[in-house]
1. Rank these residues by their accessible area, most exposed first, probe 1.4 Å: Cys238, Cys208, Cys398.
2. Sorted by average packing, counted as other Cβ atoms within 10 angstrom per residue and highest first, what order do 299-307, 434-442 take?
3. Could you pull out the pairs from Lys219/Lys349; Lys279/Lys377; Lys273/Lys491; Lys428/Lys504; Lys504/Lys535; Lys428/Lys491 whose alpha carbons sit more than 25 Å apart here?
4. If you plug each phi of region 504-519 into the Karplus form 6.51 cos²θ - 1.76 cosθ + 1.60 with θ = phi - 60°, what whole-Hz ³J(HN,Hα) values come out, in order, with x for Gly and Pro?
5. Suppose each label sits 7 Å from its Cα in the direction of the beta carbon; what would the Gln469-Arg446 distance come out to in nanometres?
6. Below 8 Å, C-alpha to C-alpha, sequence gap of six or more: please give me the relative contact order for region 198-431 in percent.
7. Taking amide H positions as placed in the peptide plane 1.01 Å from N, state which residues far from Val333 in sequence (5 or more) or on other chains have amide H under 5 Å from it.
8. What distance in nm lies between label points placed 7 Å from Cα along the C-beta direction at Gln422 and Ser249?
Amino acid sequence: MLKAISSLRSIVWCHWTMVRKKGSLILCGAFLFVAWNALLLLFLWGRPPIGRLGEGGGAEPGAGEEWGGRKAKVDGANGLAGEVIRLAEEVESELETQKKLLKQIQSHRVLWEQQKELGKRETEEATEERITSEPKKPPQILAVPLSNRIVDDAKPVTKKTQILGVTPPHLVMEEEEHNQDNQKMGENQLGLTKPSPQIIIPILVIACDRVTVKRSLDKLIQYRPSPELYPIIVSQDCGHADTARVIGSYGSQLTHIRQPDLADIPVRPDHRKFQGYYKIARHYRWALNQVFNVFAYSTVVIVEDDLEVAPDFFEYFRALYPILLSDPSLWCVSAWNDNGRDGLVDPGKAELLYRTDFFPGLGWMLLSDVWAELEPKWPKAFWDDWMRHPEQRKDRSCIRPEISRTITFGRKGVSLGQFFDQYLRYIKLNTEVVPFTQMNLSYLVRENYDESFEKQVYSAPLVKVEEVQQGSSLKGSGPFRVQYSSRDSFKVLARSLGVMDDLKSGVPRAGYRGVVSFISRGRRIYLAPPEGWAKYDTSWS
């Protein structure tokens, strides 16, 4: 019996080891086999012996005594030995039966694998026939919402690949190939070709401790045409619980990330009051690294938690993305006009766009290759003014609108309301939707823009500031030109005309090639340096 039981264990273990690595069908068969053997052994052990009819302890009804009552008829030692032999014989008989079952399972497994291999070959043959009979098509990869993407923070992505939607034909386009293609586009072709309709443009919201971030997020979600094409990432600093709850209330409509380092930053004594500016610069660096190095996007539009966007905010950036990508003399697209107050802009020219040498910020688009250039030398504080230094700007420009596509409602902040009461609260927000993606914007490329712009400025009649202020003495609808020749004269004229008078590294706000364009008393005015302008004087700051 011991030999039989040992054989049973060996057979069960070998077959179980053999089949447990197979598919779910084999696992099910093995489980039934083991369960059947267990039940069989319990049954054989617990039932009375198979005796002859009429003997005590027989199996038939009325046979007299039960299994345990055979002591009176059979000698104890001989009876026990006989029972052991009988049980071993029955076990061996059952093992033979189980061997046959295992052989059947094995044969079915082989047949199943053969059928699976045959089906696989038939599928491959059908695929090859379809490929040869149909024109080749690229695989269709759908854009994936940010909330569904798996990100490994420990493995930053170094090769940027933009995931596109079902159209156009080139569904996966690497940045280098995209840049080469755009550089080959002609001037007319650039403006008339639809601007990569499936490019994913994430919106990065920089947040801290303003629960009013809800106002900004509500407008972004209200106006965005597609969550897949415009995923919203809210990066929160400060660890403010109430603000975190507001952001979290949007659920899967956005992705909420948190800046992990909330410690104070060591600064020199005279900069202690600027601690907030240091933390903002640290947060920007961390958040942009997340967008480009972790989430692996190729571009981003950055807004802050106190900005409200216009209805065509997304249309604006989508249309200008290919211009930014193709023109190396550009390094950002901004939704902001520093002189965008009511009365200083033409309300009938919402489609009008400019180049500017002044970095505007306040809702701006950045490319990953520019961030790769800036990140290693990112400043510890005052990042926006740092962006305006010649070492960073490198004679590159941004695009800005006539009428702003963002406004700020955050008077309270680290700047303590600087410029807010005097300028920012009066900025006009565009309210109509301009179909920029259907327009020819090739005029913004520098080769097209500069000659036309300078001709328009310097062909305008030169007038005195007093004539502009009086208005009635000017004949015609303009444009007109007011000329400055020094830092001080610029500041005096700018204040007199109601435009912002500060300069950063010699560049006036909203200026291009030294020229500031605005509306005064319904007429277009150019506040400009003398003709023949060459470069900015960095001492004018």
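The values are calculated or read from the model by the stated rules, or taken from the named source; none is laboratory data. No experiment lies behind these values; they were computed from the predicted model shown. Glycine gets a Cβ as well: all are built from the backbone with ideal geometry, and neighbour counts include every protein chain shown. These area figures cover heavy atoms from the full protein model, side chains too; ligands, DNA and RNA do not enter into them. Shrake-Rupley method; radii C 1.70, N 1.55, O 1.52, S 1.80 Å.
1. On the way: Cys238 65, Cys208 35, Cys398 0 Å².
Heavy-atom accessible area, descending, gives Cys238, Cys208, Cys398.
2. On the way: 299-307: 24.2, 434-442: 16.4.
In decreasing order of mean packing, 299-307, 434-442 become 299-307, 434-442.
3. Details: Lys219/Lys349 23 Å; Lys279/Lys377 16 Å; Lys273/Lys491 28 Å; Lys428/Lys504 23 Å; Lys504/Lys535 14 Å; Lys428/Lys491 23 Å.
Beyond 25 Å between Cα atoms: Lys273/Lys491.
4. With the stated coefficients, region 504-519 comes to 10, 6, x, 9, x, 4, 6, x, 9, 6, x, 9, 10, 9, 7, 9 Hz.
5. 3.8 nm
6. Dividing the mean separation by the residue count of region 198-431 yields 23 percent.
7. Placed amide hydrogens put Met365, Ile399 under 5 Å from Val333.
8. Inter-label distance under the simple model: 3.7 nm.
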